[in-house]
Amino acid sequence: MTSQPTLAAAILAERRRSGQPGDRLPPDLRPQDADTALAIQAGVTRQLGEHVAAWKCGLPSEGWPVLAPIYAASVHCSSPCLAWTRGGQVRVEPELAFVLGRDLPARAAPYQPAEIDAAIASTHLALELIDSRYTDPAQASFIENLADGLLNQGLYLGPQVDMEQARNASELAISIHPGKQEARLLHGRHPAVQPRAPLYWLAEFLRSRGQGLQAGQAVITGSYAGSFELPLAQDIVIQYGELGRLQLSFSAR
């Protein structure tokens, strides 16, 4: 008999392929705990047959783990960036991405922050690309959204920035110049205060489950300014305080 996580993963994987969201999972396939949600995540990865090129993570929320894989085919480093759109707009979150230069494999001994710091090869401005496989993710529980990858549809990896400045960037003025639309200025705050703190948690959480992080993977750790929509086919500039600026345009998948 096919397991509940496998059946749930098949539904979510097909929605990722097609870009067409749907209703919440059938009641008997909805995860009731974090382990089942993560089993569904892993099942989606297997069914897509894609390499995990990045991770999103945050510090645990009300005791729930906050992590999701990001697949190689959905990590973009050049413009125009392809994305699934809703109403002709792309929803994004401004973040920092830490790119690893060495593996942090599963092992018996816990990882110390200094070891994880030493594994970081570069830090980049980034945009998390937001989308859900549920038509109305707000109606789904946190565990259901965890199973679906926490509203992630990909990652735009922008320019490299100063690593020491970035590691202490608890606040950033986020200035958004969305093509022909009016510019916006947001007072950005990292949800974990220390941008690397969720990475430390992720490395240790994966280690405790017999998993690890790999050289070349990028890790994003939380949005400085929630999420917002950006238009298609326009030149967009986002300034991340004194760290630097990211420039791109979007095309619909």
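The values are calculated or read from the model by the stated rules, or taken from the named source; none is laboratory data. Treat the numbers as computed from the prediction; the structure is a model and nothing was measured. Note: ideal-geometry Cβ built from the backbone for every residue, glycine included; neighbour counts use all protein chains shown.
What to note about this one:
- From the list Ala169, Ala183, Ala173, the lone residue that is within 16 Å of Thr123 (Cβ to Cβ), among the hydrophobic types (A, V, I, L, M, F, W, C) and either surrounded by 14 or more Cβ atoms within 10 Å (Cβ to Cβ) or in contact with a strand residue (DSSP E or B) (Cβ under 9 Å, 6 or more places away or on another chain) (or both) is Ala169.
- Some residue of the range 184-206 being closer than 19 Å to Leu38 by Cβ, among the hydrophobic types (A, V, I, L, M, F, W, C) and touching a helix residue (DSSP H, G or I) at 6+ places or on another chain (Cβ under 7 Å): yes
- Among residues that are modelled with pLDDT of 95 or more, assigned to a loop (DSSP other than H, G, I, E, B) and either crowded, with 17+ Cβ neighbours inside 10 Å or not small (Gly, Ala, Ser) (or both), Arg46 is not included.
- Residue within the range 192-200 that is at pLDDT 95 or above and under 19 Å from Ala83 (Cβ atoms) present: no
- Single match in Gly212, Gly222, Gly154, Gly158 (criterion: within 28 Å of Ala119 (Cβ to Cβ), crowded, with 20+ Cβ neighbours inside 10 Å, of a type in the set (Gly, Ala, Ser) and in contact with a Pro (Cβ under 6 Å, 6 or more places away or on another chain)): Gly222
- Taken together, the criteria exclude Ala39 from residues that are within 25 Å of Tyr240 (Cα to Cα), crowded, with 18+ Cβ neighbours inside 10 Å and at pLDDT 95 or above.
- Criterion: farther than 27 Å from Arg16 by Cα and hydrophobic (A, V, I, L, M, F, W, C) - qualifying residue of Ile238, Ile220: Ile238
- Of all positions in the range 215-222, at least one carries a residue that is within 24 Å of His51 (Cβ to Cβ), in contact with a Cys (Cβ under 7 Å, 6 or more places away or on another chain) and of a type in the set (S, T, N, Q).
- Tabulated pairs, the range 136-160, first in contact (Cβ under 8 Å) with a residue 12 or more places away in the chain, second of a type in the set (S, T, N, Q), C-beta under 6 angstrom, 6+ apart or interchain: Pro137/Asn145; Leu151/Ser132; Gly154/Ser74; Gln160/Ser122
- When we screen Leu7, Leu67, Leu29 for residues that are touching a Leu at 6+ places or on another chain (Cβ under 9 Å), within 17 Å of Tyr134 (Cα to Cα) and buried (at least 19 other Cβ atoms within 10 Å of the Cβ), the only hit is Leu29.
- Of the criteria (1) crowded, with 18+ Cβ neighbours inside 10 Å; (2) closer than 18 Å to Leu100 by Cβ; (3) over 14 Å from the mean Cα position of the chain (by Cα), which one Glu204 fails: (1)
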